[in-house]
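See below for the structure under consideration.
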Amino acid sequence: MNNLKINQLLDRLIAVAEDLSMGRYGKYDDIFELTKSGQYPPLIARFAESFGMMAVKVEAREYRLEQIIEELRATEIQLRTAREQLARENSSLKKNLRRSFPFSSILGTSPQIRELIGKAERVADSRLSVIITGETGTGKELFAKAIHFNSPRSAKPFVAVNCSAIPETIFESEMFGIEKGVATGVEARIGKIQQAQGGTLFLDEVGEMPLQLQAKLLRVLEERTLERVGSRTAIAVDLRIIAATNRDLAKEIAKGSFREDLYYRLNGVTLRIPPLRERKGDIDLIARQFLEKWGRSCGRPPMRIAKEALERLRSYAWPGNVRELDNEIERAVALAYGDIITSGDLSEVLQQAPAASGGRSLLKDSEKQLIEQALKEAKGNKTQAAERLGMSREGLRKKLKRLGME
């Protein structure tokens, strides 16, 4: 074998190496054809074949990298498009939420309710904490949402917590969060307070909050920081608190079941929602709105309420307030044969109830009747009965105890 042939092969290999270094790729079959001829010493032939295989692998790797880069670029475009779409949907959702909870959605023309709405509108733009008082079913959460979604915090979360529905054993971790490994199998979880960052935390039935946790909530409000269960790291929080209760917190303070210092922290402004029996003039308007809502939902033609049925609605004590009226109209729409709601379409409780003129004892009796009817319809199942009444099972248990029904 003369040196000329060997030099020609080496020149070819050098050319391939230069092409690879410049990112130029071509066919390398001629290298393998040259070595197949058997005209080169075995060591040089092996070197040339190994070099050719390396070149093929480098080209394949670079080709795959180009594919990956193209795929990443396509994914980036998809992600950017999805992010833009999500931003549009998020903006639309926020606008819809503001439209869904305007103060005008709170039904009522009575002087009490109009004055209350005006006060809520004024407080919405402030940073003040709010306590909303009123009986179960008067619409406390509706007011809370209207305040939030018409405030500067409307773009941030509205987090609702039913203090009567959370078992005391997990209340702290639910509210303040918990660190991973505090107990076997426990994963890290942020609490309701941190979820409401920048927005509003709605504490429904705040009077049911365990006493030992009230001190921890007070510290959050005073220091604007919280610590998760199992952690000593302070986390900054910025939120507004709207609390609601159907209890007389002054009496709870006197009994020692609610902290006075927490009450003053929460009570920037108090909104008392009057029960439905105190604003009889709103019953017709609210009933007709619910009739339109449920008639449309059930695909019924326009419906109306007969005069005698309206009289029944006006004279009833409504212990469950607006929520109970809503459930009553939904039931009547479902059961009515024609387009007119008659007295016969109303629930047994409503048909048998006397006029609402007997004060608190009548209200208590009506509330008992309502609960007994719900339990009867649920065949004694308290969870289902609670759902019918629009409350949690724990709330129903406490209500039964308070009314001496347990």
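The values are calculated or read from the model by the stated rules, or taken from the named source; none is laboratory data. All of these numbers come straight from a predicted model, not from anything done at the bench. Note that each Cβ is placed from the backbone with ideal geometry, even for glycine, and that neighbours are counted across all protein chains shown. Keep in mind that these areas ignore ligands, DNA and RNA; they rest on the heavy atoms of the full protein, side chains included. Shrake-Rupley method; radii C 1.70, N 1.55, O 1.52, S 1.80 Å.
Residues checked against (1) in contact (Cβ under 8 Å) with a residue 24 or more places away in the chain; (2) small (Gly, Ala, Ser); (3) out of contact with any strand residue (DSSP E or B) (no Cβ under 6 Å at 6 or more places or on another chain):
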site	(1), (2), (3)
Gln212	no, no, yes
Glu223	no, no, yes
Ser231	yes, yes, yes
Asn246	yes, no, yes
Asp282	yes, no, yes
Trp294	yes, no, yes
Leu313	yes, no, yes
Quick one: Lys293 ticks every box in (1) in a strand (DSSP E or B); (2) surrounded by fewer than 17 Cβ atoms within 10 Å (Cβ to Cβ) bar one, so which box is it? (1)
Please list, ordered by first then second residue, the pairs with beta carbon atoms under 7 Å, 6 or more apart or interchain, first in region 182-197 and over 14 Å from Leu226 (Cβ atoms), second modelled with pLDDT under 95 and β-branched (Val, Ile, Thr). Val182/Val229; Val186/Ile178; Ala188/Ile178
Would you pick out the residues in region 175-199 that are open to solvent by less than 20 Å² (accessible area, probe 1.4 Å) and under 25 Å from Glu252 (Cα atoms)? Met175, Phe176, Ile193
Among the numbered criteria (1) surrounded by fewer than 12 Cβ atoms within 10 Å (Cβ to Cβ); (2) modelled with pLDDT of 90 or more; (3) farther than 25 Å from Asp326 by Cα, which one does Lys156 miss? (1)
Test each condition in (1) open to solvent by less than 40 Å² (accessible area, probe 1.4 Å); (2) within 27 Å of Phe143 (Cα to Cα); (3) modelled with pLDDT under 90; (4) more than 32 Å from the chain's Cα centre (by Cα) for Lys364 and report the one that comes out false. (1)
For region 68-85, state whether one or more residues are among the acidic types (Asp, Glu), under 30 Å from Arg153 (Cα atoms), at pLDDT 75 or above and open to solvent by 80 Å² or more (accessible area, probe 1.4 Å). yes
Every listed condition ((1) among the aromatic types (Phe, Trp, Tyr); (2) outside any helix (DSSP H, G or I); (3) buried (at least 19 other Cβ atoms within 10 Å of the Cβ)) holds for Tyr337 save (3)
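To keep it simple, each residue is scored yes or no on (1) at pLDDT below 90; (2) assigned to a strand (DSSP E or B).
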| site | (1), (2) |
| --- | --- |
| Ala120 | no, no |
| Ile131 | no, yes |
| His148 | no, no |
| Pro152 | no, no |
| Phe171 | yes, no |
| Glu174 | no, no |
| Val186 | yes, no |
| Leu201 | no, yes |
I need the full set of residues from region 271-290 which are open to solvent by 50 Å² or more (accessible area, probe 1.4 Å) and either modelled with pLDDT of 95 or more or out of contact with any Phe, Trp or Tyr (no Cβ under 9 Å at 6 or more places or on another chain) (or both), in order please. Arg272, Glu278, Lys280, Gly281, Leu285, Arg288, Gln289
Within region 339-361, take every residue that is among the hydrophobic types (A, V, I, L, M, F, W, C) and modelled with pLDDT of 80 or more and give me the one that is farthest from Leu276 (Cα to Cα). Ile340
Using the structure shown, decide if Leu375 is hydrophobic (A, V, I, L, M, F, W, C), more than 20 Å from Leu291 (Cα to Cα) and at pLDDT below 85. no
